[in-house]
Each structure stands twice: as structure tokens, then as C-alpha cells.
Amino acid sequence: MKKKVLAALLSAAMVATLLSGCGGKKEESAEAPAETEAPAETEAPAEGEEPAEGEEPAADAGDMSFEIVSKGLQHQYWQAVLQGVNNKADELGIAVNFVGPDSESNIDQQVQQLQSALNATPTAIGLAALDTNSVMDLLQQAKDGGIPVVGFDSGVPNAPEGSVLANCATDNYAAGELAAEKVYEAVKDRIDGNVRIGVVAQDATSESVVNRGLGFIDKFAELAVADGHTATVVGNDRYISDSKCEKTDGANVVIDVRVPAQVTSELSAADATALMNEADTIAIYGSNEHSANAIITANENLSKCGTGEGQIIAAGFDSGAAQKQAVKDGVLLGSITQAPVKMGEILVETLYAAATGGEVKDTDTGCQWYTAENIEDPEIAPNLYD
């Protein structure tokens, strides 16, 4: 009898346990779903891993080719840009063809090179236009052919809509303004009566050169007017018409802009000589390496530039062996440097983004003012090419 009672008690206990377990699971299922039941975020595959099923693989850089048409190869500046292009192209494994005309005045040759670039049907094209109006039809062809174009060094204003996706360059207008601020600070106490500020510009067609000149002109005039002077622009018609400086008869600060009929060292040096021989010239500015070197060449015969009493304050733009030495020697008060190697690298990165559907935007590649005092600084020296 005892055994039967014990067996009954054990059976009852087992049933209660089973019912308890079933009841616990039923209550849990009635609760709201836990947060962990939401879909988990998918992490990007680590470098070297295969893409997850259903994901599109990244574009193969080895199948890409970029055509890059510069303004030339004769200046060390363009060689520095080419160095940056090659650095980034080698890193990405992209084939690049980098060309430029024999002279920065040879617009027709550059147009032919751009046509050849289009004929090669590359993945993307980089363009530093010598003359913006000369390439409009070819840019339309590139757009119609689905070839993305990225500008560098100088943009292409008024290009067919959507034909130039972005521009990788120094903010040339702001860089010209910086040069004007430095020059004005050096000469403001010498503006007594009528004075002349010379500007040697390589051309009046390239956006980069024009903007560097206009930035300098407008800022110098603004600073002079703020100090109670009057200012006006004379010389080349393009710079006169595009400047923000109000044209004033009888102004005591005359900003005189000279542009050679052709881009040659001899003609630009002649322009610099003529400006430095004007009796009222107190400052002179060259808006690129070519023009700065023209000032240096003219001064070799005249010995008028320097920071001493009565000397002409001179400033340049870009770099190169001659310009760096002139800064060290005090012939030039200082110069504006770009970052040409970095520009070349950013250009290839932007072309790659354009070719792969990535973000493409204008990029300011920067500028700095260098003098004899800071030319060796770690932040300056890497931007100074020879």
C-alpha cells in the first residue's frame, strides 16, 4: 500500500513539473519580440575578403585608364603634378597617359591632345585647359560619350552642363588675395602721392592665371581704398573689365597689368622690365612661375627688387629653383606656393571616384606664403618643387 501511495505521489510531481515547463514557455512567447530579433547590420567585408553573397564587387582599377591633358610639361610645376599622378595611379593600379602641349601658348596643340584623349575612349579624363573656350565642343563630346571629365589646376567656366564633374585646384583667387595682403603690408607706408603696382601675367585666357591676377588686383585695391586712397586698373583689357576695382580717373594707386602677345620668357621679361622702369613703381607681382621668373630675369639687369629703402617689393607665385633662390636672396619678398604633388594625387582619386560612382566634388588643394624665414619649415618645404 505504501508503495502504491509513493508511486502516485511521484507521478503527480512529474505532471506538475511538465505543466510548469509548458506554462513558462507560453508566457515568454506572449512578450514583445526582443531587440535582438531585429535584422543585424551588415558589416563591409574586411580588406582581402570576398564580398558577401548578393553584394556587387568594387570596380577593378586594373581595367581602368585615365587620359590627363595638362597645360604643358616644360615647367617643373607640371612635372610635380605628374609625380603626384603617378604616385596615386601606381597605388591604385590604374593606367594613366599624361600629356601637355610644347608651350602654354599652344592652344591648338592642347585641343588636338584632348581630341586624341577622347578617341582613346578612356575611363575618365583630367583636363587643365589653356583656353576654356577652345574645348567646349570636345567637352560636349565627352559628355555625350559618357566619359567623365575632372578639371585640375584651372576650371572650365561655362562648360556644357554636366560635362565637367569637379575641379581639383588651388583657390586661385584666394591665393592672389593672400599675395596682395603680404605685398600691401610691405608697401602701405610708401603710398605717398601717385604709385604704381605692376602685375606680370602670363596670359588672359587661363582661368587659374587670370584668377590669381584678379585676386591680387581686387584685394590690393580694396586695402588701398580702405586706407583712404583711390585705385584703378590699367593695361590688359581682360583684367580691367573683370576686376572688381572701380575705375577711377586720377587715382593715386595705379595697378598696371601686362600680358605678352605670346607666352615666351623673353616677352614676359620685357614686360617686367618695362614695369620696373616706371619711375612710380613700388611693387610688382608675377602670377605664376613663368611670370615670377620673368621678374627675376629683368632684375638681373636692373637690380631694383628687394626689401631695402627705395627698392621695388616683388612677389611671385609657384616655385622652382630660380624662384626659391630669389626668395632666399631677398630679391622676392616671398611667393605663394601650391601643392602640385598633392594636386596630382587628388586628381587621380577624383577621377577614380567619378569612374566608380563615388562622391565627386570640387577640392581646394591649398596654398601657402613662403619667405626666406619659413622656406625650410616642414609645412612649407614639401610643396616647393625644383
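The values are calculated or read from the model by the stated rules, or taken from the named source; none is laboratory data. Small disclaimer: the values here were computed from a predicted structure and weren't measured. Cβ atoms come from the backbone with ideal geometry, glycine included; neighbour counts cover every protein chain shown. We work out accessible area using only protein heavy atoms, side chains counted, and drop any ligands, DNA or RNA first. Shrake-Rupley method; radii C 1.70, N 1.55, O 1.52, S 1.80 Å.
Residue-level check: of (1) more than 29 Å from SER265 (Cβ to Cβ); (2) without any contact (Cβ under 8 Å) to a residue 40 or more places away in the chain; (3) surrounded by 24 or more Cβ atoms within 10 Å (Cβ to Cβ); (4) in contact with a Gly (Cβ under 9 Å, 6 or more places away or on another chain), LEU139 misses just (4). Checking each residue in the range 84-100 for being within 15 Å of the chain's Cα centre (by Cα) and at pLDDT 95 or above picks out only VAL85.
When PRO57 is tested against (1) at pLDDT below 95; (2) under 27 Å from SER287 (Cα atoms); (3) in contact with an Asp or Glu (Cβ under 9 Å, 6 or more places away or on another chain); (4) part of a loop (DSSP other than H, G, I, E, B), just one condition goes unmet, and that condition is (2). When each of VAL331, VAL348 is tested for being modelled with pLDDT of 95 or more, on the phi < 0 side of the Ramachandran plot, of a type in the set (A, V, I, L, M) and touching a Gly at 6+ places or on another chain (Cβ under 7 Å), the lone residue that passes is VAL331. Residue by residue through the range 60-83, note down the ones that are at pLDDT below 80 and assigned to a loop (DSSP other than H, G, I, E, B). Within the range 60-83, just ASP60 meets the criteria. Identify the single condition in (1) open to solvent by less than 50 Å² (accessible area, probe 1.4 Å); (2) out of contact with any Ser or Thr (no Cβ under 9 Å at 6 or more places or on another chain); (3) part of a loop (DSSP other than H, G, I, E, B) that ASP203 does not satisfy, given that it satisfies every other one. Status for ASP203: all satisfied but (2). Just one of the listed residues (GLY176, GLY215, GLY151) is open to solvent by less than 10 Å² (accessible area, probe 1.4 Å) and in contact (Cβ under 8 Å) with a residue 60 or more places away in the chain, and it is GLY176.
Residue pairs whose Cβ atoms lie under 7 Å apart, sitting 6 or more positions apart in sequence or on different chains, and linking a residue in the range 352-365 that is of a type in the set (A, V, I, L, M, F, W, C) to a partner that is exposed (fewer than 14 other Cβ atoms within 10 Å of the Cβ), are ALA353/GLU359. Report, by residue number, each residue of the range 321-338 that is among the aliphatic types (A, V, I, L, M), over 18 Å from GLY308 (Cβ atoms) and part of a helix (DSSP H, G or I). ALA321, ALA322, listed by residue number. Just so you know, in the range 219-260 the residues that are open to solvent by 40 Å² or more (accessible area, probe 1.4 Å) and part of a strand (DSSP E or B) include one that is nearest to THR273 (Cα to Cα), and it is ARG258.
Conditions (1) closer than 26 Å to LEU127 by Cβ; (2) open to solvent by 30 Å² or more (accessible area, probe 1.4 Å), marked per residue:
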{"residue": "GLU309", "(1), (2)": "no, yes"}
{"residue": "ALA314", "(1), (2)": "no, no"}
{"residue": "PHE317", "(1), (2)": "yes, no"}
{"residue": "ALA326", "(1), (2)": "no, no"}
{"residue": "VAL331", "(1), (2)": "no, yes"}
{"residue": "GLY344", "(1), (2)": "yes, no"}
{"residue": "ALA354", "(1), (2)": "yes, no"}
{"residue": "TYR370", "(1), (2)": "no, no"}
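Applying the condition of being more than 25 Å from ASN172 (Cα to Cα) and among the β-branched types (Val, Ile, Thr) to the range 118-136 and asking which residue is most open to solvent (accessible area, probe 1.4 Å) yields THR121.
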